[in-house]
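One structure below.
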Amino acid sequence: MALLSERFEERRAVFLAKRPVSPLDEIRGRVFAEAVAAAAREPGMYVLHAPTGGAKTIAAGGFALRHAARHGMRRVVFAVPFISITQQNAAVYRSLLDPLEEDADREPVVLEHHSSVSLDEDSDEGTWARLAAENWDAPVVVTTMVQLFQSLFSAKPSAMRKLHRLAGSVIVLDEVQALPDRLLNPILSVLRGLVERYGVTVVLASATQPDFWSLSKLDGVPRHSMVEDVPGLFDELRRVTYEWQLGDDVTWQSVAEDIEERAGDQALAVVNTTRDSARLHRLLTEGPSGPGPVLHLSTRMTAEHRREVIDQVRTRLKEHLSVRVVSTSLIEAGVDVDFPSVYRAWAPAESLQQAAGRCNRDSRMDEPGRVVVFRPAEGGTPKDLSYLAALEATAEFFGPYPLADPDDLEALAGYYAKRYALQGEDHAMGERIEELRRTWDFPQVAREFRMIDDAYGQSVVVVRPQKTAEEQDAIWADIHRLRSPYPSGPGCLRRLQPHIATLPRHEVAEALRSGLAEPVVGDLVVWRGHYDEVRGLDPQDREDSSAFLV
């Protein structure tokens, strides 16, 4: 760990020397310096609270490696909520930690482990990654929160095989505001147990840091803050102004017209449902021709398709080309993009602030970036209890004057307290699972603990028409292996992950009845219908607010 910490800081310095100078470099340097200085403190529960664009990913890595070296810890595990961020962060950490090309005979340092990672079984690196992934036998692991917590609460040996690797490690939870409220009690209880009994240091990193210490599960646990003057840092990094469009006259049509007329050549619109994203995207593409392409992102697109679009967005932004994007919230937490204008549909406060973090991210504009928060009359809203509580708390604290904007830390603290109070810590936030743990009913715990709510989404394999004949044949070969009565091994599912999109379960049932989809294995199906080259499995004009998928 001492060697890796030194390598990380040396390569970071080289990287900064080569990249274009940013107005935020001095502030980001201070955040990094405070984080690595905090590494000398004792193991425990740490908070990295810094605004979006404050280089939390690098600061957290610098802290974790130096802290592990200082205290003789064995491993660093980075866990993030979304696969897109996992892939982005893994690429950053590999560039700073993995052996260089001239040292190709050495084993890699960074293991990227999640459902969409490609483990080439014919390569030496693929063999290492496949074996290491079974029990996280690597110095640095980049994974998803789903992988981490489903393993911690699992009753299956295959999932639990990696748990002993967590003892004596540093666990960094990035974008921690994405942890589901309905599971907070068991999650915080387990994190506390890892810190108090297994020599683990936990880092909670976010720009919208939830007030977990207001909940009983962390009562009495010391809180170590890496950044001393968080309010001052937020004041320095204010880069946007908020505009509120919350009246009864706001419609999808008016939002589309506002984007056309006022958003400029580069704009991002983030909405709450896949159906809303398709609707706004159609309005923008069917209206007057804009200055450039209108791109789309949602989980109705395959993982590979989404990754291609994100790469295209970054390229056009970097080359100062026109681009407009309509996306669900999958782009707003941790994805490194920088737009001069961002539109965000009414949502919980942390989502509003995270979306604003995609605006004027590097502070290169002469004027503050423009963030428009809008509430269309026809907008979809999920019926989940925690989401509705978050919306109610948001309406109480945030909005046009005299209410606060989402960057107000005092209002944000009041928001979280109200949000948790509305749900009731003793029953709605995973206390049922805690009761099962207290009675040692771990098989039932495993059945009830679900990071992803399966009630909303079902996996659909899509053989995109854009793939070559050879690529399509390879996808179908894996589908046939899964259908075979003989064991196929995990490789088939792993190879299919980039080609999987998500649909609401009732739409999958309808597609099966109409012949647009066919069963594969379990509840996995293969799509036989049309796949739009821009919007993926486009919901067309069928109205159903239950299509809440991000």
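Here, each number is a calculation from the coordinates, and none is a lab measurement. Predicted model only: the values in this text are computed from it and were never measured. Methodologically, a virtual Cβ is constructed for each residue, glycine included, from the backbone with ideal geometry; neighbour enumeration extends over all protein chains shown.
Across the chain, C-alpha contacts under 8 Å between residues 6 or more apart give a mean separation that, scaled by the residue count, equals a relative contact order of 17 percent.
Ordering Met1, Met160, Met301 from the fewest to the most neighbouring beta carbons within 10 Å gives Met160, Met1, Met301. Between Ser254 and Ser216, the simple label model (points 7 Å from Cα in the Cβ direction) yields a spacing of 4.6 nm. Sequentially through segment 63-78, phi angles give Karplus couplings (6.51, -1.76, 1.60; θ = phi - 60°) of 4, 4, 5, 5, 5, 4, 5, 5, 10, x, 8, 9, 7, 10, 10, 9 Hz, Gly and Pro residues having no value and appearing as x. Modelled label positions at Leu385 and Gln466, each set 7 Å beyond Cα in the direction of Cβ, lie 4.2 nm from each other.
Counting only lysines at least 8 places from Lys217 when in the same chain, those with an alpha carbon closer than 22 Å to its own are Lys418. Phi angles across segment 317-329 convert, under the Karplus curve 6.51 cos²θ - 1.76 cosθ + 1.60 with θ = phi - 60°, into 3J(HN,Hα) values of 5, 5, 8, 6, 9, 5, 6, 10, 10, 10, 9, 7, 5 Hz, Gly and Pro given as x. Round to the nearest 0.05 the FRET efficiency obtained for His427 and His164 when R0 = 45 Å and r is the Cβ-Cβ distance. With R0 = 45 Å, the Cβ-Cβ based efficiency is 0.85. Bridging of Lys318 to lysines at a Cα separation below 18 Å is possible for Lys18, once same-chain residues fewer than 8 apart are set aside.
Pairwise alpha-carbon distances in the chain exceed 36 Å for 33% of all pairs.
Net charge of the neighbourhood of Val326, taken over other residues with C-beta under 14 Å away and scored Lys/Arg +1, Asp/Glu -1, is +2.
Model label sites at Ala509 and Tyr486, defined 7 Å from Cα along the beta-carbon direction, differ in position by 3.6 nm. With Cα atoms defining each centre, segment 325-395 and segment 46-115 are spaced 27 Å apart in the structure.
Using 0.36 nm per residue and subtracting the Cα-Cα separation, the extra length available between Asp473 and Ala413 on full extension is 16.3 nm. Summary value for segment 2-235: 29 percent relative contact order, contacts being C-alpha pairs under 8 angstrom separated by 6+ residues.
Among the GluC sites (Glu not before Pro) within segment 161-263, which fall in a DSSP loop and have no more than 16 other Cβ atoms within 10 Å of their own Cβ? Answer in residue order: Glu228. With contributions of -39500 (n - 2.57) from each DSSP H run of at least four residues, the per-residue ellipticity at 222 nm computed over the chain stands at -12500 deg cm²/dmol. Mean sequence separation of contacting Cα pairs (under 8 Å, at least six apart), scaled by the length of segment 257-387, corresponds to a relative contact order of 30 percent. Residues Asp478, Asp229, Asp384, Asp276, ranked from the fewest to the most other C-beta atoms within 10 Å, line up as Asp229, Asp384, Asp478, Asp276. Averaging Cα coordinates gives a centre for segment 432-494 and one for segment 144-212; these two points are 22 Å apart. Ordering 487-496, 364-373 by mean Cβ neighbour count within 10 Å, with the highest value first, yields 364-373, 487-496.
With K and R counted +1 and D and E -1, the other residues having a Cβ less than 14 Å from that of Ala40 yield a net charge of +1. The C-alpha radius of gyration of segment 238-423, expressed as a fraction of 2.2 N^0.38 Å, stands at 0.99.
If you take every residue apart from Gly193 with its C-beta less than 11 Å away from the C-beta of Gly193, what net charge results, scoring Lys and Arg +1 and Asp and Glu -1? Neighbour charge sum, excluding Gly193 itself: +3.
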